[in-house]
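Chemist: One structure, as structure tokens, below. Some questions next.
The values are calculated or read from the model by the stated rules, or taken from the named source; none is laboratory data. Everything numeric in this text was worked out from a predicted model, so none of it was measured. Glycine gets a Cβ as well: all are built from the backbone with ideal geometry, and neighbour counts include every protein chain shown.
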Amino acid sequence: MDLTVEQEPGAITIFALTGELDYSNFEQLVDAARQAYQQGARRLLLDLAGVEYMGSSGLVALHAVAMIFSGQEPPDPEEGWAAYRTLTDDVEGHTHEFVKLLRPSAQVVNVLERTGMRQFFEVHVDRSAAVASF
Amino acid sequence: MTAEDSRPDPLSLLDPTALAELLEAFEPRPGQQGLALFTSRGTFVAGRADWPEAAVHAMQRELTDGTEHDSGSGFEALPLQVGGETAGVLLAAAGVGRRVLDTLRRALTVLLGQARELRDAADEQLAERRQADLFYRLGETIGATLDLDQIAGPLTVVAQRATGAESSALLLHPSDEAGGELLLQASVGDPQRVAELVAAARAAARGSAEGGNEVGTSATEPTSGGPVLTAPVGSGDLPLGVLALGRSPGAAPFGPREERLISALAAGVGIEKARYHGRELQRQRQEHELAIGRRIQLSLLPRGLPQVAGWEFHATYRAAREVGGDFYDFIEVPGDSGLLGLSIGDVTGKGVPAALMMATTRVLLRTGATAGASPAAVLAGANRQIVEDNRSGLFATVLQARLELASGRVTVANAGHEPPILVRAGGRARRLPLGGALLGLYRTVEPAETRIALEAGDLLVLYTDGVTDARSQRRGFFGERRLLAAIRNARGGTAAAVGAAILGAVDAFSAGAPQFDDLTLLVVRRTGSG
């Protein structure tokens, strides 16, 4: 999967992804988000127009990215049984303000809808409208 | 206190709410409370809480000698034995029937046995992984010293002690470049053994120069020496030396555990000098972890299919090379319930964390379903526990069903999973409704339930996205429409024939393209009234 980073005026970061988002590369997306946040990014638009297929690991990545941009470090799968950090109630149940999706394919939208994660993300079809919505 | 004592009680791995529901289901009269579960240490877990003190004390006394008490005391304490250990105690008031008690006790023993297996398997795999990790980091720490010559002594001592070898030796090339005869830097053990190690190490280095750079156990001459184990320090592009271990003649050969440990140690040492090879080692560790995850997962799949009059079942599970996470289960509801539970699901992620999550989810679903709880309650209960414990940020989609074996009625609840497909004997087909959120995301879920009635010849097909996301060279996906067509074409055949037909269609479609995800397929066919 390719990931390119762009900056829009108004401090909005855009990740353009192409290829497939699945178990083999979902961590790449989370690492990139973490890095951007650490460098000061606070608003992220994920341009998914080039993503032909998203597996269930993509859900983990999207959720983790949303948590990072809400100022919370997501849980680390490496910890397994060991306690790391609790999920707070703030993230759950609200549409994310700081991470939005642009032009996800029908397959991606289907997966989000089927698993109940669709409502967390604002979905845009037009890039300038997406940027202006932040 | 031994190491064993500090491991979690199998009973604590089970959901107390589900256990309470299980006990409730066995009470002779609704609302009456004559049953309770305690841990093997006498801590209350579920059921009736208000026993007279005398009852609890007597029970605790009996726990120490593990015998049953039966008399006019008005209660009975039944230890639950799993694998030779007492995993819990069932306390029953007079008035609860013998058969009921025996059935409940059997059910609890099965549950506890599973929980214990899960605990032991997880512990063992984690312990192995942690040990290999420890050795790797140890090697890294030692190797962080700039001069290999300086750490040669400590390294040979660590290697020898940690693996229980009799002798050890570290040989290095004269300079940091490859080539030149290996020279002995440091050793532990008697000079004759060490001389054998030197010979073996030089032979191994010559062998690697020709190709192959692996840890090897060399066979030794019959007249001399015992088993020898060598591991390269450095890597193929930058061989630095060889670390060798030996045992006395006639001793058992070194095994895979020692190979892994010495390999990790040697690799760690070489890492500072060969930093650009770090990525290769990382990949190996990841593959190792994926393999462990896979083993845990496979060990927990059901061994057979239910044999029930009036019904046919078929199950296919195909593991993808790397990815894990699919699971399925058939759950008997004990005590002449006439109910059969069915789960199918898919955990996100890969490797050990995903396999552990899958194992936990499966146990939670099984606990709820064994009690005969409705599928929506099973999912809600499992979700509660998963969210509470979910430090790993993983999720699971699950489809939970309950079959009423005599009537053919099926109740289904769906947490984010692919909805099952229903095909009637006459050919009418539909997909059941989409479900609610997957497990692990929300603190509470209240899944809707769908109820259908299966008649003779009707088919219900449950599957994971490995089926519909199977892809072909031309980059399309198999999809729901093709699945529906395959089922329709095969209806009239047995469940096994329908399963085979679906897989045949998937294989024909993908025509040799690699399988990216686990594929699971369950076919349920009603053949008549039971």
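Chemist: Here's a check for you: in region B:380-417, which residue that is among the charged types (D, E, K, R) and away from chain A (no Cβ under 11 Å) is farthest from B:Thr450 (Cα to Cα)?
Modeler: B:Arg384
Chemist: Looking only at residues that are touching a residue at least 60 places away in the same chain (Cβ under 8 Å) and among the aliphatic types (A, V, I, L, M) in region B:338-356, which one is surrounded by the most Cβ atoms within 10 Å (Cβ to Cβ)?
Modeler: Per the stated criteria, the residue is B:Ala355.
Chemist: Right, something else. Looking at region B:331-379 only, could you name the residues that are among the hydroxyl-bearing types (Ser, Thr, Tyr) and either more than 14 Å from chain A (Cβ to nearest Cβ) or within 17 Å of B:Gln114 (Cβ to Cβ) (or both)? Break it down stepwise before answering.
Modeler: Step one: of region B:331-379, the residues among the hydroxyl-bearing types (Ser, Thr, Tyr) are B:337, B:343, B:348, B:360-361, B:367, B:370, B:374.
Selection gives B:Ser337, B:Ser343, B:Thr360, B:Thr361, B:Thr367, B:Thr370, B:Ser374.
Chemist: Look at B:Glu62 and say whether it is modelled with pLDDT under 75, not in a loop (DSSP other than H, G, I, E, B) and not hydroxyl-bearing (Ser, Thr, Tyr).
Modeler: Numbers: modelled with pLDDT under 75: yes; not in a loop (DSSP other than H, G, I, E, B): yes; not hydroxyl-bearing (Ser, Thr, Tyr): yes.
Criteria met by B:Glu62.
Chemist: Scan (1) in contact with a helix residue (DSSP H, G or I) (Cβ under 8 Å, 6 or more places away or on another chain); (2) crowded, with 21+ Cβ neighbours inside 10 Å; (3) within 14 Å of another protein chain (Cβ to nearest Cβ); (4) in contact (Cβ under 8 Å) with a residue 12 or more places away in the chain for the single condition B:Pro420 breaks and write down its number.
Modeler: Failing condition for B:Pro420: (1).
Chemist: Within region A:22-35, which residues are crowded, with 22+ Cβ neighbours inside 10 Å and either closer than 16 Å to A:Ala66 by Cα or among the charged types (D, E, K, R) (or both)?
Modeler: Result: A:Phe26, A:Leu29, A:Ala33.
Chemist: Pairs only if they're at least six apart or on different chains, beta carbon under 6 angstrom, first in region A:99-123 and at positive phi and of a type outside the set (Lys, Arg), second modelled with pLDDT under 90 and part of a helix (DSSP H, G or I); list them, first residue then second.
Modeler: none
Chemist: Whether any residue in region B:502-521 is within 13 Å of another protein chain (Cβ to nearest Cβ), closer than 30 Å to B:Gly338 by Cβ and among the polar types (S, T, N, Q) is what I want to check.
Modeler: no
Chemist: For region A:120-134, enumerate the residues that are surrounded by fewer than 13 Cβ atoms within 10 Å (Cβ to Cβ) and outside any loop (DSSP other than H, G, I, E, B).
Modeler: Those that are surrounded by fewer than 13 Cβ atoms within 10 Å (Cβ to Cβ) and outside any loop (DSSP other than H, G, I, E, B): A:Ser128, A:Ala129, A:Ala132.
Chemist: Is there a residue being part of a helix (DSSP H, G or I) and either modelled with pLDDT of 90 or more or within 9 Å of chain B (Cβ to nearest Cβ) (or both) anywhere in region A:78-92? If you could, list the steps in order and put the result at the bottom.
Modeler: Here is the first cut: in region A:78-92, the residues part of a helix (DSSP H, G or I) are A:78-79.
Retained after the next criterion (residues that are either modelled with pLDDT of 90 or more or within 9 Å of chain B (Cβ to nearest Cβ) (or both)): A:78-79.
Checked against the condition, which is being part of a helix (DSSP H, G or I) and either modelled with pLDDT of 90 or more or within 9 Å of chain B (Cβ to nearest Cβ) (or both), region A:78-92 yields at least one hit.
Chemist: Please name all residue pairs, on different chains or six or more residues apart, with Cβ atoms under 9 Å, provided the first residue is in region B:147-166 and is closer than 29 Å to B:Gly250 by Cβ and among the acidic types (Asp, Glu) and the second residue is part of a helix (DSSP H, G or I) and modelled with pLDDT of 75 or more.
Modeler: Between residues of region B:147-166 that are closer than 29 Å to B:Gly250 by Cβ and among the acidic types (Asp, Glu) and residues that are part of a helix (DSSP H, G or I) and modelled with pLDDT of 75 or more, the close pairs are B:Glu166/B:Gln160; B:Glu166/B:Arg193.
Chemist: While we're on this one: Looking at region A:41-66, which of its residues are closer than 17 Å to A:Phe98 by Cβ, more than 8 Å from chain B (Cβ to nearest Cβ) and outside any loop (DSSP other than H, G, I, E, B)? Please lay out each step first, then the result.
Modeler: Here is the first cut: in region A:41-66, the ones closer than 17 Å to A:Phe98 by Cβ are A:41-48, A:61-66.
Retained after the next criterion (residues that are more than 8 Å from chain B (Cβ to nearest Cβ)): A:41-48, A:61-62, A:65-66.
Within region A:41-66, A:Arg43, A:Leu44, A:Leu45, A:Leu46, A:Asp47, A:Leu48, A:Ala61, A:Leu62, A:Val65, A:Ala66 meet the criteria.
Chemist: Could you give every pair whose Cβ atoms fall below 7 Å, whose first residue belongs to region B:82-97 and is at pLDDT below 80, and whose second residue is surrounded by fewer than 21 Cβ atoms within 10 Å (Cβ to Cβ) and among the charged types (D, E, K, R), counting only separations of at least 6 or pairs across chains?
Modeler: Here the result reads B:Gly83/B:Arg116, each pair linking region B:82-97 to a residue that is surrounded by fewer than 21 Cβ atoms within 10 Å (Cβ to Cβ) and among the charged types (D, E, K, R).
Chemist: Take the conditions of a type in the set (Asp, Glu) and under 23 Å from the mean Cα position of the chain (by Cα) and apply them to B:Glu332. Does it pass?
Modeler: yes
Chemist: Another question, if that's okay. Can you pull out the residues in region B:205-231 that are outside any loop (DSSP other than H, G, I, E, B) and either among the acidic types (Asp, Glu) or modelled with pLDDT of 85 or more (or both)?
Modeler: B:Val228, B:Leu229, B:Thr230, B:Ala231
Chemist: Given the structure, is A:Leu59 without any contact (Cβ under 8 Å) to a residue 60 or more places away in the chain and under 11 Å from the mean Cα position of the chain (by Cα)?
Modeler: Judged against the criteria, A:Leu59 is a match.
Chemist: Now for a different question. Filter region B:440-478 for residues that are among the polar types (S, T, N, Q) and touching a Phe, Trp or Tyr at 6+ places or on another chain (Cβ under 9 Å); which is farthest from the other protein chains (Cβ to nearest Cβ)? Give the steps one after another, and end with the answer.
Modeler: Taking region B:440-478 as the starting set, the residues that turn out to be among the polar types (S, T, N, Q) are B:444, B:450, B:464, B:468, B:472-473.
Subset that is touching a Phe, Trp or Tyr at 6+ places or on another chain (Cβ under 9 Å): B:464, B:468, B:472.
Working: B:Thr464: 10, B:Thr468: 10, B:Ser472: 13 Å.
Selected residue: B:Ser472.
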